[in-house]
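The structure appears below as structure tokens.
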Amino acid sequence: MSTADLPARGQPGRAESDFAAGRPVVFRNGTVLTMNDSGQVLPDADVLISGERLAAVGTGLAVPDGTAEIDASGGIVMPGMIDTHRHMWQTAMRGYGADWTLTQYFVWYYLNWGKVFRPQDIYAGNLLSAIEAVDAGVTTTVDWSHGLQTVEHADAAVDALEEVPGRFLLAYGNIQQGPWVWSAAPEFRAFVNRRFTSGNDMLGFQMAFDVTGDPEFPERAAFEVARELGAPVTTHAGVWGATNDDGIRLMHENGFMTPATIYVHATTLTADSYHRIAATGGTASVATESEQSAGQGYPPTWKLREHGIGVSLSMDTSVWWSGDLFSAMRATLGADRSREHLEAHGRQETVTHCHLRAEQVVNWATMGGARALGLDGAVGSLEPGKKADVVLIKNDASPVMFPLLNPFGQVAFQAQRADVHTVVVNGRVVKHDHRLIGANLGKARQVVGQTVDYLMAELGPDAWKEGMHPEVPQAKVLANPYTYTEWDAGSARWKSTRKDAGA
Ligand SMILES: [Zn+2]
């Protein structure tokens, strides 16, 4: 056997030839979460894919000759997950800001270092982030791309998205300029016309900018461009210290709140703003992991439920958090229930039945995202005729895959990205048997490495270190009226001591 016959290391081998274009694929004998309107779960069921679409969902399906079979027994087959807000360009700085607050993030990206990112750095972050999304079963991702200082940066962002076999939407933004400036540039228009075609559900377009609450409402011009282009607007709303009710009121009074508008975080808002969002049919993109540690406000699902506002989930940025929606679902369930208990205890009451269920967060991670993006006719559930975005959660080597008693509970609290066995996007198998197909991780590693080297040199060692390790505020241990008992090594005896505050 010559080396030419061997698949290159890290490259697809047997799996790719098994899933040649046009060959139907069937998942056999899985627990199928259809996420259809009646929330149907089918035990020991099959999902048949033909071309780009789901051909059939049911038990003991007859399939065409030559169909590739995937054994889903012991696993869960569910729709691909949807992330409605991810700053993909920031993935090149993965984990760097783990100890940041929102203020430190603003200082690092908005004020100091966001402007040194070159087009190739946007490309690097996007390429890695896109591969990471697909690997974790996130088949549709909104790239909330607010580092697009020039159209060259924007082209680089789209180049990366087009190289990875996932479904993406570019939400165009630029934190270095007011949206009324960049959206008025002729080259911006030309870029949109050049890179996007209407009706392409693999690559969509949005406009991403925040509304400051300035009574002059300078963002009006950008909203008008969005309306003209037919592009939905996605906006960080209700972010403590940054955006508030004034922005929502201005958008509403000027007629720019639509069912396609996405309110990211939507945390520190009053009932009046929630009423305006609910009445105009917009949805909230909740990034619980982000809200819990950065400080935008308490994750708002407990409030959104009261107002009947649609929810989708997002992970925000890998500069802090994980890029999988298992973490988002888990964090969201925890935050919502935590708040429900806390509010009840404040009233001297006990919650005996949780309102938020595991099934609901799985719904938010799938259909919730599809509805927010206006793609619910195409993706978000496993129903014949829809585009085939499918995830198989199955890991025969894991002690956590059985017993499989409550499939929604399994997805929300037990599963993790390593359990994502197979991923299909638009009918194409892009991951099988835990290995990516058609995504070049080696290239992502190389270009991200180049970006990290470049940024380290730009910042210099001191700024680099300082950025990653923000100062820790002084902490004080409270005075304690009780006596501590401690072992005194010198006298080899137990002794009693009192401790003062700060000791
Ligand atoms: Zn964000």
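Can you tell me what the convex hull of the Cα atoms of the chain projects to on average, as an area in nm²?
Its Cα hull, projected and averaged over all orientations, spans 31.4 nm².
Using 0.36 nm per residue of separation minus the Cα-Cα distance, give me the extension gain between Glu224 and Trp240 in nm, one decimal.
3.1 nm
Compute the relative contact order of the chain as a whole-number percentage, counting only Cα pairs closer than 8 Å that sit 6 or more residues apart in sequence.
Numbers: 1035 pairs, mean separation 93.4, N = 503.
This gives 19 percent for the chain.
I'd like the Kirkwood hydrodynamic radius of the range 394-503, using the inverse of the mean 1/r over distinct C-alpha pairs, in Å.
21.1
For the range 112-176 and the range 32-58, what is the separation of their C-alpha centers, rounded to whole Å?
What the calculation gives is 31 Å, centre to centre.
Can you check what the Kirkwood hydrodynamic radius comes to for the range 184-247, Cα pairs only, in Å to one decimal?
13.2
Just tell me which lysines come within less than 29 Å, Cα to Cα, of Lys476; anything on the same chain fewer than 8 places away is out.
Filter leaves Lys465, Lys495, Lys499.
Which of the lysines could a cross-linker span from Lys386 if the Cα-Cα distance has to be under 29 Å and same-chain partners fewer than 8 positions apart are dropped?
Here the lysines satisfying the reach criterion relative to Lys386 are Lys394, Lys431.
Quick one: divide the alpha-carbon radius of gyration of the range 165-302 by 2.2 N^0.38 Å and tell me what you get. The partial results should precede the final answer.
Numbers: Rg = 15.0 Å, N = 138, 2.2 N^0.38 = 14.3 Å.
In units of the globular-protein estimate, the range 165-302 measures up at 1.05.
With loop defined by DSSP as not H, G, I, E or B, and exposure as at most 12 other Cβ atoms within 10 Å, which is the longest segment of the chain clear of exposed trypsin sites (Lys or Arg not before Pro)? Before the final figure, lay out each step's value.
Numbers: sites that count: Arg9, Arg347, Lys476, Arg498.
Here the longest segment lacking exposed loop sites spans 10-346.
Would you calculate the separation in nanometres between label points at Thr103 and Arg498, each defined as 7 Å from the Cα along the Cα-to-beta-carbon direction?
3.6
Give the accessible surface of the chain per residue, rounded to a whole number of Å², with probe radius 1.4 Å and ligands, DNA and RNA excluded. Before the final figure, lay out each step's value.
Details: 22110 Å² over 503 residues.
Spelled out: the 1.4 Å probe surface of the chain, per residue, equals 44 Å².
What percentage of the solvent-accessible surface of the range 144-290, computed with a 1.4 Å probe over protein heavy atoms, is contributed by carbon and sulfur atoms?
Working: 2780 of 5380 Å².
For the range 144-290, the apolar C and S fraction of the accessible surface comes to 52 percent.
Any chance you could run the full-extension gain for Glu486 through Val400? It's 0.36 nm times the residue separation minus the Cα-Cα distance, nm to one decimal.
26.8 nm
Remind me, relative contact order of the range 181-304 in percent, using alpha carbon pairs under 8 angstrom and six or more residues apart?
21
Tell me, in nm to one decimal, what length is gained between Asn200 and Leu441 on full extension, where the rule is 0.36 nm per residue of separation less the Cα-Cα distance? Kindly include the intermediate steps, with their values, before the conclusion.
On the way: separation 241, 0.36 × 241 = 86.76 nm, distance 2.55 nm.
Gain on stretching Asn200 to Leu441: 84.2 nm.
For the range 300-457, compute the orientation-averaged projected area of the C-alpha convex hull (one quarter of its surface), in nm².
Averaged projected hull area, Cα only: 13.4 nm².
Enter the mean projected area of the convex hull around the alpha-carbon atoms of the range 106-246, in nm², rounded to one decimal.
So the mean shadow area of the Cα hull is 8.8 nm².
The values are calculated or read from the model by the stated rules, or taken from the named source; none is laboratory data. What you see is a predicted model, and the numbers here were worked out from it, not measured in a lab. Positions of Cβ are generated from backbone atoms using ideal geometry, with glycine treated the same way; all protein chains shown enter the neighbour counts. Quick note on the areas: whole protein, heavy atoms, side chains included, nothing else; ligands and nucleic acids left out. Shrake-Rupley method; radii C 1.70, N 1.55, O 1.52, S 1.80 Å.
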